[in-house]
Amino acid sequence: MKILALETSCDETGAAVVASGPGKQYVRVLSNTVSTSLHIHAKTGGIIPENAAREQVKYIFPVIIRALTSAFPPKNGKCDFLAAREILKKEIDAIAITQGPGLIGSLLVGVETAKTLSYIFKKPLVPVNHLLAHLYANFIEPKEQYSRPKKYWPKSVFPFIGLIVSGGHTDLLFFKNHNKYVWLGGTRDDAAGEALDKIGRLLGLSYPAGPEIEKRARTINENMIKFKSPMLHSNDFDFSFSGLKTEVLRYVKKTNINEDTKNQICAAAQDAIIKVLVTKTIKAAEKYNCHNVFLGGGVSANEMLLYKFQQINKPSRMLHFFSPEKMYSTDNAAMIGAYALLNFKPEKWKLLQANPELYFA
Ligand code: KG4
Ligand code: ZN
């Protein structure tokens, strides 16, 4: 089966073609195209939904044409609308689309495009929850051997604990199998990525701040600054990060900030967030007797996060940690296709609605 997948939940416009990989356990990516309007949002220090939706309209058809023609390069070399139409007709079995959560304007662009294509080309339409798809980026066949060597892929990936850490969400889930999962907890206020972005704004870093915070944190060996890890010892699987942002704000107000203190603040804030993410995830893995932990979402691109997870392993309790290859950790359409391929539940195009509030069933 080959799926054309679309992702338009926020500021990235993505289209990808995916197919079943070896043993049907992995998903093979035949093409993955992303256009981003991030440069526009960097100027406003955050996303203005109206601007994001306008950019989605501009990019959606070019990315679909690019995804289809790079998965199946036309013999005459003409990668245009007509070639894409023929490929969609002949090669593609279904269309997958992000239904939510996200910004309504952005979501509508993708959902209405997918519905139209599904109707015209008579292809099944599979709605996908963007958050679950972040975890399913782990099912994409690895290209870079060092990131997730195949030999370490466990025989049975289930059950696993999933930690979603993105710009808008922080959630812990227990997965029994593809069809059965339980939401264990999530953030009560800001998401981990959102906290990093807000802290970055306080420090005058460009948006989104996660990657620069990670880079600056890497320069610090011994840190004089420490921030509290919110809800570290609470008796649940919830998180809260808005207090951390306030603590950083207070520190910034009373201190003379230079480049070195900025780096130290970045390292201390990153540490505080990682500590609580690791602690609660391990607690969940122990409670639900899981040996596998899947990370997903933009913050899972953070190498220190994965390192800290791996560091807590003891001979008596070996856990396997998986995080997507970097290009699949932030928003992309390949992960939407991966989820649709492994959870193939088509919906009638007439019934499908974009849902900005979509959460967990
Ligand atoms: O999953 P994502 O691309 O978009 C949402 O669905 O929200 O996540 C974006 C978030 C941003 O908050 C960004 O600052 C953060 O992921 N991020 C990182 C890194 N790369 C992106 N945070 C920490 N370290 C990184 N390397
Ligand atoms: Zn996302």
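The values are calculated or read from the model by the stated rules, or taken from the named source; none is laboratory data. Computed from a prediction, not measured in an experiment: that's the story for all the values here. Heads up, the Cβs are rebuilt from the backbone with ideal geometry, glycines too, and the neighbour counts pull from every protein chain shown.
Odds and ends about this structure:
- Residues of the stretch 118-137 that are of a type in the set (A, V, I, L, M), within 25 Å of the chain's Cα centre (by Cα) and in a helix (DSSP H, G or I): LEU131, LEU132, ALA133, LEU135, ALA137.
- Among residues of the stretch 183-199 that are in contact (Cβ under 8 Å) with a residue 60 or more places away in the chain and of a type outside the set (A, V, I, L, M, F, W, C), those with a beta-carbon under 8 Å from a residue that is within 8 Å of ligand 1 (Cβ to nearest atom) and part of a strand (DSSP E or B) at least six positions away or on a different chain give the pairs GLY193/VAL165.
- The single condition from (1) in a helix (DSSP H, G or I); (2) in contact with a helix residue (DSSP H, G or I) (Cβ under 6 Å, 6 or more places away or on another chain) that GLU286 fails is (2).
- Residues of the stretch 205-233 satisfying the condition of being over 17 Å from VAL299 (Cα atoms), without any contact (Cβ under 8 Å) to a residue 40 or more places away in the chain and not charged (D, E, K, R): ASN221, HIS233
- Boolean, GLY337 is on the phi > 0 side of the Ramachandran plot and either among the β-branched types (Val, Ile, Thr) or within 16 Å of ligand 2 (Cβ to nearest atom) (or both): no
- Residues of the stretch 183-193 satisfying the condition of being in contact with a Lys or Arg (Cβ under 9 Å, 6 or more places away or on another chain) and either in a helix (DSSP H, G or I) or crowded, with 20+ Cβ neighbours inside 10 Å (or both): LEU184, ASP190
- Qualifying residue in the stretch 243-251 (condition: basic (Lys, Arg) and over 21 Å from THR279 (Cα atoms)): yes
- Within the stretch 326-361, being assigned to a loop (DSSP other than H, G, I, E, B) and more than 21 Å from LEU103 (Cβ to Cβ) holds for ASN343, PHE344, LYS345, PRO346, LYS348, TRP349, LYS350, LEU351, ALA361.
- Looking at VAL299, VAL252, VAL278, just one residue is aliphatic (A, V, I, L, M), at pLDDT 95 or above, within 16 Å of ligand 2 (Cβ to nearest atom) and assigned to a helix (DSSP H, G or I), and that residue is VAL299.
Conditions tested, residue by residue: (1) free of Cβ contacts under 8 Å to residues at least 60 places away in the same chain; (2) under 19 Å from LEU232 (Cα atoms).
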{"residue": "ASN258", "(1), (2)": "yes, no"}
{"residue": "ILE274", "(1), (2)": "yes, yes"}
{"residue": "LEU277", "(1), (2)": "no, yes"}
{"residue": "ALA285", "(1), (2)": "no, yes"}
{"residue": "GLY296", "(1), (2)": "no, no"}
{"residue": "LEU306", "(1), (2)": "yes, yes"}
